[in-house]
Amino acid sequence: MIHDFFAAYTPPPATPLLQQNGVRLWLKRLDLSHPQLSGNKWYKLWHNLTAAQAQGHTRLLTFGGAYSNHIVATAKAGELFGFQTIGLIRGEENLPLNPALRRAKQSGMALVYISRGTYRLRHDPEWLASLPERFGAHYLIPEGGSNGLALEGCRHILTSEEYAHFDHVAVSMGTGGTLAGLLLGSTRPNQIMGFSSLKGGGFLRESVREHLADYARIFGREPAVPSWQLHTDYALGGFAKRPPELLRFLQDVEQAYGIALEGVYVGKLLYGLLDMIEAGHFPVGSDVLAVVTGRPLE
Ligand SMILES: *Cc1c(COP(=O)(O)O)cnc(C)c1O
């Protein structure tokens, strides 16, 4: 089922900033891959859906905040591939539903609101083991869709030719699952650059280690991965915050290139990358690939 979802490129624009600094900035457009199931979330779900099917499950259960792209993608995947879906949503119901939850509901997901206190149990094995009693047998997908199987999907975001060609591959980080998957395909030290979308993103190093450990557990081998770069200076006010400089940047990009950037992750990634390019961080002649992991909702 993967081939319907392959993504496109946008070649580097001839902007003075890029030309002056001798950097080519390419975009890997996962946002163009499928009208309803776009972006990195598809790659994360891919092997999980296959596993759910192979294990005879007809129901997916997962977790997310009220603005979670993962919730939207899981709901859509359930609709397209014939699974019932249950989303355990952090916090209380707010009506009218925001665009993310409206979409999830339209795709047939059952939305169940749980208190913030209960939501903190989302990795607790004992609590997770109690869920089938309440919601029926299900295939469990963790928050953000990040587990070992998700990494195996995200490894295929890039081909081996792409890994060989680009000096750097930059990606935004929420749980770090996508970056961990990209690391599986990289062989060059510091090729992969992660940009935290959350304030105080230092914990992401440990998150990536945990995702890789889950991968090792599933596939029975420790993956050898190269070093990578973590950039925590471009959260721009924190997760899902939209300070004026970000809004201005999103408008400028849309006007100049006709690309409506997703603002929670992708806008901050490109804001950070261009800032680093302007500061002369990359040697002249560098080919940098930014992974556009999703599109704006609505
Ligand atoms: C979920 C999401 C991310 C973060 O991916 P992680 O694997 O959780 O780090 C980045 N970009 C977009 C558009 C997303 O929806």
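Some observations on this one:
- Cα long-axis angle, helix 69-81 against the chain (0 to 90 degrees, to the nearest 10): 60 degrees
- FRET efficiency, residue 218 to residue 255 (Cβ-Cβ, R0 51 Å, nearest 0.05): 0.70
- For the chain, with all protein chains in place and a probe radius of 1.4 Å, 52% of the accessible heavy-atom surface sits on carbon or sulfur.
- With K and R counted +1 and D and E -1, the other residues having a Cβ less than 11 Å from that of residue 213 yield a net charge of -2.
- Against the rule of thumb 2.2 N^0.38 Å, how large the Cα Rg of region 184-293 comes out: 1.21
- Accessible area per residue, Å², the chain with all protein chains present, probe 1.4 Å: 46 Å²
- Label-point gap, in nm, between residue 10 and residue 105 - each point 7 angstrom along Cα→Cβ: 3.2 nm
- Net +/- balance of residues flanking residue 240 in space, Cβ distance below 14 Å, scoring K and R +1, D and E -1: +4
- Here the relative contact order of the chain, from alpha carbon pairs under 8 Å that lie six or more residues apart, stands at 22 percent.
- Against the chain, whose longest principal axis comes from its Cα atoms, helix 266-278 is set at around 20 degrees.
- Cross-link check: pairs 76/199; 105/199; 28/105; 41/199 evaluated at a Cα-Cα cut-off of 25 Å; pairs beyond the cut-off: 76/199; 105/199; 28/105.
- The chain: angle of helix 244-257 to the longest principal axis, Cα-based, in degrees nearest 10: 70 degrees
- Taken about its Cα centre, the chain carries a charge dipole of about 480 debye when Lys and Arg each add +1 at the Cβ and Asp and Glu each add -1 at the Cβ.
- Each label was represented as a point 7 Å from its Cα along the Cα-to-Cβ direction; for residue 81 and residue 190 these points are 3.8 nm apart.
- Proximal charge balance of residue 169 [Cβ under 9 Å; K/R count +1, D/E count -1]: -1
- All C-alpha pair distances within the chain, sorted into 5 Å bins from zero, spread as 1, 5, 12, 16, 19, 18, 13, 8, 5, 2, 1, 0, 0 percent across the bins.
- Note on the chain: dipole from Cβ charges, positive end direction compared against 174, 249, 286; the farthest Cα belongs to 174.
The values are calculated or read from the model by the stated rules, or taken from the named source; none is laboratory data. Fair warning: this is a prediction, and the values are worked out from it, not measured in the lab. Glycine gets a Cβ as well: all are built from the backbone with ideal geometry, and neighbour counts include every protein chain shown. Heads up: the accessible areas ignore ligands, DNA and RNA and are worked out on the full protein's heavy atoms, side chains in. Shrake-Rupley method; radii C 1.70, N 1.55, O 1.52, S 1.80 Å.
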